[in-house]
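The values are calculated or read from the model by the stated rules, or taken from the named source; none is laboratory data. Values in this document were obtained by computation on a predicted structure and should not be read as measured data. Cβ placement follows ideal geometry from the backbone for every residue including glycine, while neighbour counts extend to all protein chains displayed. Protein only, heavy atoms only, side chains kept; ligands, DNA and RNA dropped before computing areas. Shrake-Rupley method; radii C 1.70, N 1.55, O 1.52, S 1.80 Å.
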There are 2 protein chains.
Amino acid sequence: MTRVDFRTDPSRYRHWRLKAEGPVATLTMDVDESGGLVPGYELKLNSYDLGVDIELYDAVQRLRFEHPEVRAVVVTSGKEKVFCAGANIRMLASSEHGWKVNFCKFTNETRNGIEDATENSGQTYLAALNGTASGGGYELALACDQILLVDDRSSAVSLPELPLLGVLPGTGGLTRVVDKRHVRRDRADYFSTKAEGLGGKKAVAWKLVDEAVPRVRWTEAVSERSLALASASTRLPGGAAIELTALDKSRTDDAITYQHVAAALDRARSVAEITVRAPEQEAPPSMAAARAAGAAFWPLAVARELDDLILDLRTNETELGTWVFRTQGDPAKVLAYDELLLNSKDNWFANEVLHYLKRTLRRLDVTSRSLIAVIEPGSCFAGSMLELALAADRSFQLAGVFEDKNPDAEPATITLGDMNLGPLTMSNGLTRLQTRFWGDEAGYEAAAKRKNEALEAEDAADLGLITFAPDDIDWDEEIRIATEERASFSPDALTGLEANYRFAGPETMETKIFGRLTAWQNWIFNRPNASGPDGALRRFGTGQRAVFDRKRV
Amino acid sequence: MTRVDFRTDPSRYRHWRLKAEGPVATLTMDVDESGGLVPGYELKLNSYDLGVDIELYDAVQRLRFEHPEVRAVVVTSGKEKVFCAGANIRMLASSEHGWKVNFCKFTNETRNGIEDATENSGQTYLAALNGTASGGGYELALACDQILLVDDRSSAVSLPELPLLGVLPGTGGLTRVVDKRHVRRDRADYFSTKAEGLGGKKAVAWKLVDEAVPRVRWTEAVSERSLALASASTRLPGGAAIELTALDKSRTDDAITYQHVAAALDRARSVAEITVRAPEQEAPPSMAAARAAGAAFWPLAVARELDDLILDLRTNETELGTWVFRTQGDPAKVLAYDELLLNSKDNWFANEVLHYLKRTLRRLDVTSRSLIAVIEPGSCFAGSMLELALAADRSFQLAGVFEDKNPDAEPATITLGDMNLGPLTMSNGLTRLQTRFWGDEAGYEAAAKRKNEALEAEDAADLGLITFAPDDIDWDEEIRIATEERASFSPDALTGLEANYRFAGPETMETKIFGRLTAWQNWIFNRPNASGPDGALRRFGTGQRAVFDRKRV
């Protein structure tokens, strides 16, 4: 199968139209039936596959950077009578388990991104359901702040996955229905077993939508509501757009290379060796100067490159089970860029860059690959770049230097900065440092006190900021064993282990979606009752009913 | 296969010894190798199966009721050099998926019960690891408040599931390591990949155990620590023991009958019709009088019967996918018993009964069966009994009466009582009423204000306390459709749906164990990498290495 490419731009969209008019943008879903990413299915009724969602993700990102003036976003459909039928069933039925799971993860991240734009960027999303929204279609609406449904006696919202397909809604539907919209759990249960869903006043009374609007008043109502959201928005004053120019990426079978990020794909060892480079230039003196650099501004560029790399590796390189992170360059420069951003939090561009970096690191947290950080002389694990080590399942920092290779080098250090103490929260609402020291307030304080200090391996280990601090003699062997051992374990068990250990402490809607809901969905996807030859997912649309093993597990 | 019976008592234990000496009891695990519940495996090295854990559950329960004087419980091993090797691997490898999952659920509940005894009953558990505790053995220790490990250069604690078996620790280990013992996540990761585990000072430094004690000081240290725990205990003054006499149960293929609880097993419809009866006698005037009734005291008797019924149906009747709950009797009597308990919260016996009822209802919440409450004239869904309806996935209350059958009956009512407003929390820390109205404070207040009022169907529906209020004409048809429809859906998808919708709102260690960890474990159990012919679980002990599909999902 050909590699999936996540890079696109509005001029290449086949399924979405993005139109910005003053403070309100409209994202119109108008899926090209014959535009499936893989052969074998038609994208009827605005159903979607990964290709459709890649465009949506691109649009949501561009709205934040390229449309500073947009304060409300209307998501609607270009089809008559149907908003969106959700993920394409034939695509799901014919996909391998891993593909389904990865697809759901990405679509979840895009929907979380919509909520992030609403919450942190003053771009409030309004779902304008001009026809029926079923399954993933309704889940897309649930990610929006408000839901309007046309009231025409036929349009409805529904989650028909359970009755029709024998699976769960896979993009947060169950969680958002009860935890975000506060639909009563017994009603939620009933709703999710009723394939045709609910519309009109009952959908409003049950809180499934905010308003049911007769077709004659539809255009007016959508306009009114979106303008009201725009005028209530707290979007920071933006100025000129930041164009997200095409990424400078080269991709071969063995390597993925961007300007600041590179990955060597070592198939023999099942490892991707990832290197992130510090900025070469000094930080600009102000956000105005940063803005002049546009998409080349280092923190933005590095976030975009990492984002694309994560998506590429996740989707196209499923057998590379371990990602080893290294950094290179001057930690002082990283900290200077961090400081500029943090001193400019009320600057629109700084705010967008910070939240993008946050979202990219969250993508790493939910990646089903073992993450190892390797901290060597010449690296720049400081501030924002230290988050890569804090996100890792374990980290190694060289004690001293490589005596043979470069005895005169400065020893490797790590540096905590303000970037580690607040803005880059994980999806559990805590920073990676807080999660690391969960239940150990004294340990957290002791580490935080050493902010801005370059810490060599022993100090870093004593403070609990790294896992191991081998010296020159043991270094190669320890890293080799760690990666070889990882490659020898059950990939599934590693995925489960990491999904549990990475999220100590509190839970949020986002962690519930990625942890609880996703795990159940993965289990169900994998069961014969869904995916077996007589399972509901495979039998859907054949006219034959599914045959279930009736034993409850 | 013969039915599993959860009823036992110390005189019949084959695997545990329970000895109470003053304020300290000792639970000694000494598993009879040839005492497996099912043929085909030997319970070597204090490994356990469901039968072993049934005895542990019984002991933990009896300690609360039959040993009011016990304020600390030492859990230790009767074997040399080994505390407990965890769940028996050959048993797991040869079990069906459903059996494994149900086994893990029960063992989880027992370990939660240990924590409940420590937290709410002043019986603090101390794990005295006089030898290696691996896998489920260490997880049992993790459920205790303190862990002592003998320091002899060979004894260790370990979670070898991932490296040896390609699965996860199944009884809360991952969650408790980081969320309860606050082991740092990278250390937890390392620890869980190291099959031989850690012992001695390092195990203490990493917080995996509280103390490593040389063998020469072992007996003394265990005695000192347990006496210290006992003297710090807040156990209420107890008086004479309450003997948990043998349950009066009859069991046939079609029916399970106790004194207050009965279930008709309707295999044709895949439904268990469960009826719970109100007390026939007036509530005793005082807890002293209640105590004279002993195990016959209605709230205790009904909790024990429900508890046994839930376990029996879960394990032995996996194809009965829907449980329909009815109640019968005088709601006033139920409320009077509730009031007696709630007015006596500082009474040892009342406290024990309340927490037992709480635990039993929590067992219902995590049961993978659809729960439907049917509220008819003559029922007693009031206070504690109303919890059955609040635990249900949906409820039906008859509006009016059955005109043909009994036109002169009083219409069905439900009554909220103080029992619904606090003591009977779910595992998410909220009451079922709070969970129901999660995010709807006004709805909660409106309902709570009607406390002690007998609410007919329309009122109950308006207040959001029931799901549907059909009248006589629609009644049979609606109930029939609800149960038939439920039986037509994918059992797996229903399990996932219910596991998500029943736990709106916050998460706790307990919900993380049942929601997140269990779901991942179920997925992994079901994957070829674990349970396929070449999977790690099946290959364990054969001398052959597992063959993994290396694709990360």
Condition check: crowded, with 24+ Cβ neighbours inside 10 Å, in contact with a helix residue (DSSP H, G or I) (Cβ under 9 Å, 6 or more places away or on another chain) and more than 14 Å from chain B (Cβ to nearest Cβ). Does A:Leu165 satisfy that? no
When B:Thr327 is evaluated against the numbered criteria (1) of a type in the set (S, T, N, Q); (2) without any contact (Cβ under 8 Å) to a residue 12 or more places away in the chain; (3) buried (at least 23 other Cβ atoms within 10 Å of the Cβ), which criterion, by number, is the only one it fails? (2)
Just to check your reading of the model, which residue among B:Glu445, B:Glu453, B:Glu458, B:Glu410 is in contact (Cβ under 8 Å) with a residue 24 or more places away in the chain and assigned to a helix (DSSP H, G or I)? B:Glu458
Checked against (1) within 8 Å of another protein chain (Cβ to nearest Cβ); (2) surrounded by fewer than 24 Cβ atoms within 10 Å (Cβ to Cβ), A:Thr542 satisfies every condition except (1)
Can you report the number of residues in the range B:222-267 which are among the acidic types (Asp, Glu) and in contact with a Pro (Cβ under 6 Å, 6 or more places away or on another chain)? 0
What residue, among those in the range B:228-251 that are small (Gly, Ala, Ser) and open to solvent by 20 Å² or more (accessible area, probe 1.4 Å), is nearest to B:His67 (Cα to Cα)? B:Ala241
Going through the range B:115-137 in order, the residues found to be without any contact (Cβ under 8 Å) to a residue 60 or more places away in the chain and either under 16 Å from B:Met509 (Cβ atoms) or not in a loop (DSSP other than H, G, I, E, B) (or both) are B:Glu115, B:Ala117, B:Thr118, B:Glu119, B:Tyr125, B:Ala127, B:Ala133
Any chance the range A:195-207 includes a residue that's closer than 23 Å to B:Leu371 by Cα, without any contact (Cβ under 8 Å) to a residue 24 or more places away in the chain, surrounded by fewer than 22 Cβ atoms within 10 Å (Cβ to Cβ) and more than 10 Å from chain B (Cβ to nearest Cβ)? yes
What about B:Met419, is it touching a helix residue (DSSP H, G or I) at 6+ places or on another chain (Cβ under 7 Å), open to solvent by less than 10 Å² (accessible area, probe 1.4 Å) and part of a loop (DSSP other than H, G, I, E, B)? no
Under 9 Å between Cβ atoms, at least 6 apart or on separate chains: pull out the pairs that start in the range A:420-434 with a residue that is farther than 14 Å from A:Asp365 by Cα and end on any residue that is open to solvent by less than 30 Å² (accessible area, probe 1.4 Å) and among the charged types (D, E, K, R). A:Asn420/A:Glu387; A:Asn420/A:Arg432; A:Pro423/A:Lys358
Matching residues, the range B:107-136, being in contact with a helix residue (DSSP H, G or I) (Cβ under 7 Å, 6 or more places away or on another chain) and under 18 Å from B:Ser223 (Cα atoms): B:Gln123, B:Thr124, B:Tyr125, B:Leu126, B:Ala127, B:Ala128, B:Leu129, B:Asn130
Does the range A:71-92 hold any residues that are open to solvent by less than 30 Å² (accessible area, probe 1.4 Å) and outside any strand (DSSP E or B), and which are they? A:Asn88, A:Met91, A:Leu92
Just one listed residue, out of B:Leu430, B:Leu424, B:Leu388, is in a loop (DSSP other than H, G, I, E, B) and within 14 Å of chain A (Cβ to nearest Cβ), and it is B:Leu430
Residues of the range B:1-32 being acidic (Asp, Glu) and surrounded by fewer than 13 Cβ atoms within 10 Å (Cβ to Cβ), which ones? B:Glu21
Restricting to the range B:448-507, and then to whatever is in contact with a Ser or Thr (Cβ under 6 Å, 6 or more places away or on another chain) and more than 28 Å from A:Met509 (Cα to Cα), can you tell me which residue is farthest from the other protein chains (Cβ to nearest Cβ)? B:Ala454
Pick from the range B:252-268 the residues that are in contact (Cβ under 8 Å) with a residue 40 or more places away in the chain and crowded, with 17+ Cβ neighbours inside 10 Å: which of them is farthest from the chain's Cα centre (by Cα)? B:Leu265
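Residue-by-condition table, conditions (1) facing another protein chain (nearest Cβ under 7 Å); (2) more than 13 Å from B:Gly515 (Cα to Cα); (3) at pLDDT below 95:
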{"site": "A:Phe514", "(1), (2), (3)": "no, no, yes"}
{"site": "A:Phe525", "(1), (2), (3)": "no, yes, yes"}
{"site": "A:Val547", "(1), (2), (3)": "no, yes, yes"}
{"site": "A:Lys551", "(1), (2), (3)": "yes, yes, yes"}
The condition of being surrounded by fewer than 20 Cβ atoms within 10 Å (Cβ to Cβ) and touching a residue at least 24 places away in the same chain (Cβ under 8 Å) holds, among B:Ile479, B:Ile473, B:Ile466, only for B:Ile479
For the range B:388-401, which positions are among the charged types (D, E, K, R) and buried (at least 24 other Cβ atoms within 10 Å of the Cβ)? B:Asp393
Can you pull out every residue in the range A:269-291 that is among the polar types (S, T, N, Q) and either assigned to a strand (DSSP E or B) or surrounded by fewer than 18 Cβ atoms within 10 Å (Cβ to Cβ) (or both)? A:Thr275, A:Gln281, A:Ser286
In the list A:Ala203, A:Ala188, which residue meets the criterion of being modelled with pLDDT of 95 or more, in contact with a strand residue (DSSP E or B) (Cβ under 9 Å, 6 or more places away or on another chain) and assigned to a helix (DSSP H, G or I)? A:Ala203
Could you say whether any residue in the range B:366-380 is out of contact with any Pro (no Cβ under 6 Å at 6 or more places or on another chain), assigned to a strand (DSSP E or B), closer than 25 Å to A:Thr193 by Cβ and among the small types (Gly, Ala, Ser)? yes
Residues (open to solvent by less than 10 Å² (accessible area, probe 1.4 Å) and more than 13 Å from A:Pro491 (Cα to Cα)) located in the range B:522-531: B:Asn522
Out of everything in the range A:176-189 that is more than 7 Å from chain B (Cβ to nearest Cβ) and touching a residue at least 60 places away in the same chain (Cβ under 8 Å), what residue ends up being most open to solvent (accessible area, probe 1.4 Å)? A:Lys180
When the range B:1-24 is checked residue by residue, the ones that are assigned to a loop (DSSP other than H, G, I, E, B) and over 16 Å from B:Ala72 (Cα atoms) are B:Met1, B:Thr2, B:Arg3, B:Val4, B:Asp5, B:Phe6, B:Arg7, B:Thr8, B:Asp9, B:Tyr13, B:Arg14, B:His15
